[in-house]
Amino acid sequence: MKRIALVNQRYGLEVNGGSEYYTRMIAERLATRYEVDVLTTKAVDYTTWKNWYARDVENIHGVTVRRFPVEKQRADDFNKYNEDYLAECEKGNRNLSVEKLWFEKQGPYSPKCIEYIRKHKDEYDVFIFVTYLYYLTVLGLPEVADKAILIPTAHEEPYIHFQIYEYLFTLPKAFVFLTDEERMLVRRLFATDGIPCEVMGTGIDVPKRISTSAFRYKYDIREPYLIYVGRIDEGKDCPTLFRYFIEYKERNPSPLKLVLMGKAVCRIPDHPDIISLGFVSEEDKFNGLAGARALVLPSYFESLSISVLESMAVGVPVIVNGACDVLRGHCVRSNGGLYYRNYFEFEGTINFMMTQHEAYEQMRENAIDYILDNYDWDIILEKFNVVIEQVIGTK
């Protein structure tokens with residue numbers, strides 16, 4: 001059986017981040033066709049990269065997970081270093097030496113993982129690197145470029161313009177993009193002509209049994225609610241969501257609540273209509289999604305958004321930040337969601353979904369059809385198989 005390594009900065013049942021969760025879903029399904037290892041770190045918390053897992057090797061759902069220690073936690077001065085360098089980049093002053101230190105300070109700094117890739121590269125047929133932004137990809141991919149697939153999970157943000165990526169993005173034997181918007185961004189920014197690519201998202205698994213009443217009873221939520229699922233942090237522009245929602249409640253007196261699911265790494269306002277549940281089980285997540293009026297995602301920077309797709313899969317329309325090309329694209333292609341660019345459009349989208357019942361029901365149907373037509377696991381795995389075999393055949 002052919003052997004594949006997937007490389008991501010965090011991995012485990014305790015990790016629910018976007019690219020990390022995506023990596024786990026892909027790894028577990030590729031393991032039905034290939035021998036799959038995941039190369040990752042012992043960290044759970046991306047804000048510190050503190051070593052958390054004790055075991056070096058374990059098996060999770062048929063996937064061999066090889067964990068390597070993080071030798072330095074995220075640097076205390078990283079935020080200042082990052083701010084200063086981004087300011088220089090805006091002036092056109094990019095520097096490879098500064099960027100090299102940037103990746104070490106940001107982390108996860110795990111030279112032993114890179115050493116393993118270097119020493120064991122001949123034992124694997126293909127390496128798949130998931131997400132472009134971190135140390136493991138930047139240092140690891142060049143070691144195995146002749147058998148590497150890069151899934152960048154790229155979006156328009158300052159880091160994609162670092163000088164080092166002008167080189168890194170020319171190295172892989174193939175790309176997998178999550179959306180057409182991501183493909184067009186990478187093709188526009190980098191000299192990738194001639195490198196094969198496929199556009200595919202991820203399959204969406206919906207539990208056979210979903211109980212909205214069980215969710216409401218467990219968390220004592222009786223009122224209609226919007227829901228946010230994912231990391232609660234400034235990078236997702238959650239503070240703006242909180243500000244907009246509080247203003248909405250002041251201007252539109254109603255029982256509507258905002259329910260948050262996910263780990264909080266920024267301040268959540270103390271407001272009676274904002275309910276933070278913290279990290280929840282998959283069962284509670286889907287039960288909560290299915291009972292929401294809409295999922296809201298304020299992020300400017302998304303390469304796919306599994307939470308948006310999961311919401312649509314259970315027939316719940318979405319409200320997203322229109323400044324994000326990927327999220328706006330989901331809404332336009334599906335007619336299963338609305339997008340906003342300022343507070344008044346945010347208010348308008350909520351009021352539309354709360355009052356236009358016939359249009360809302362059509363959006364629900366459109367959302368489900370969009371997932372069925374575009375995010376089927378069998379189709380996605382077949383596309384992966386084509387890319388993997390293509391890379392193996394060109395080594």
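Since every read-out is calculated from the coordinates, none of them should be taken as a lab result. As the structure is a computational prediction, the values presented were derived from the model and not from experiment. For neighbour counting, all protein chains shown are included, and Cβ atoms are generated from backbone atoms with ideal geometry for every residue, glycine included.
Cross-link partners for K91 among the aspartates and glutamates, with Cα-Cα distance under 16 Å and sequence neighbours closer than 8 places in the same chain left out: E83, E99, E157. Potential lengthening of the chain between A87 and D180 amounts to 30.5 nm, from the contour at 0.36 nm per residue minus the alpha-carbon distance. In the chain, the longest principal axis of the Cα atoms and the axis of helix 282-291 are about 40 degrees apart.
Over 18 Å between Cα atoms: which of K2/K147; K236/K263; K147/K173; K121/K383 fall into that group? Each step should come with its number before you reach the end.
Working: K2/K147 13 Å; K236/K263 12 Å; K147/K173 6 Å; K121/K383 24 Å.
Where the Cα-Cα span goes over 18 Å, the pairs concerned are K121/K383.
For the pair the range 298-362 / the range 14-52, the C-alpha centres are spaced 28 Å from each other.
Mind checking which of C113, C331, C266 has the largest fluctuation in a GNM of the chain, springs on alpha carbons under 10 Å? So, out of C113, C331, C266, the one fluctuating most is C266.
Spherically averaged projected area of the convex hull of Cα atoms, the range 280-395: 8.9 nm².
Using 1/(1 + (r/R0)^6) with R0 = 30 angstrom and r between the beta carbons of A359 and E247, what's the FRET efficiency to the nearest 0.05? Walk me through the numbers on the way to the answer.
On the way: r = 24 Å, r/R0 = 0.81.
Efficiency for this residue pair is about 0.80.
Bridgeable aspartates and glutamates around K42 (alpha carbons under 15 Å apart, same-chain partners fewer than 8 residues away excluded): E14, E20, D56, E58, E71.
Summarising the label geometry, the points placed 7 Å from Cα in the beta-carbon direction at E345 and T170 lie 3.8 nm from one another. With only Cα atoms counted, the range 212-374 has Rg and Dmax values of 14.3, 41 Å.
Given the pairs K218/K249; K72/K119; K50/K249, which span a C-alpha to C-alpha distance of over 30 angstrom in this model? If you can, show how the numbers build up before the last one.
Numbers: K218/K249 25 Å; K72/K119 22 Å; K50/K249 39 Å.
Beyond 30 Å between Cα atoms: K50/K249.
Between E143 and N95, the FRET efficiency estimated from the beta carbon spacing at R0 = 25 angstrom works out to 0.60.
Residues whose amide H falls under 5 Å from that of Y11, counting only those 5 or more places apart or on a different chain, are T41, with hydrogens built in the peptide plane. Relative to the current alpha-carbon distance between I379 and D270, full extension at 0.36 nm per residue lengthens the span by 34.8 nm. For the chain, the longest principal axis of the alpha carbon atoms and the long axis of helix 111-120 meet at an angle near 60°. Distance between the modelled labels on R187 and M25, one decimal in nanometres: 2.4 nm (7 Å Cα→Cβ projection). When L297, L277 are arranged by Cβ crowding within 10 Å, least crowded first, meaning fewest neighbours, the order is L277, L297.
Helix-only mean residue ellipticity at 222 nm, the chain, DSSP H runs n ≥ 4 weighted -39,500 (n - 2.57), per residue, nearest 500. What is it?
Numbers: 15 runs with 167 residues, N = 395.
Computed mean residue ellipticity for the chain: -13000 deg cm²/dmol.
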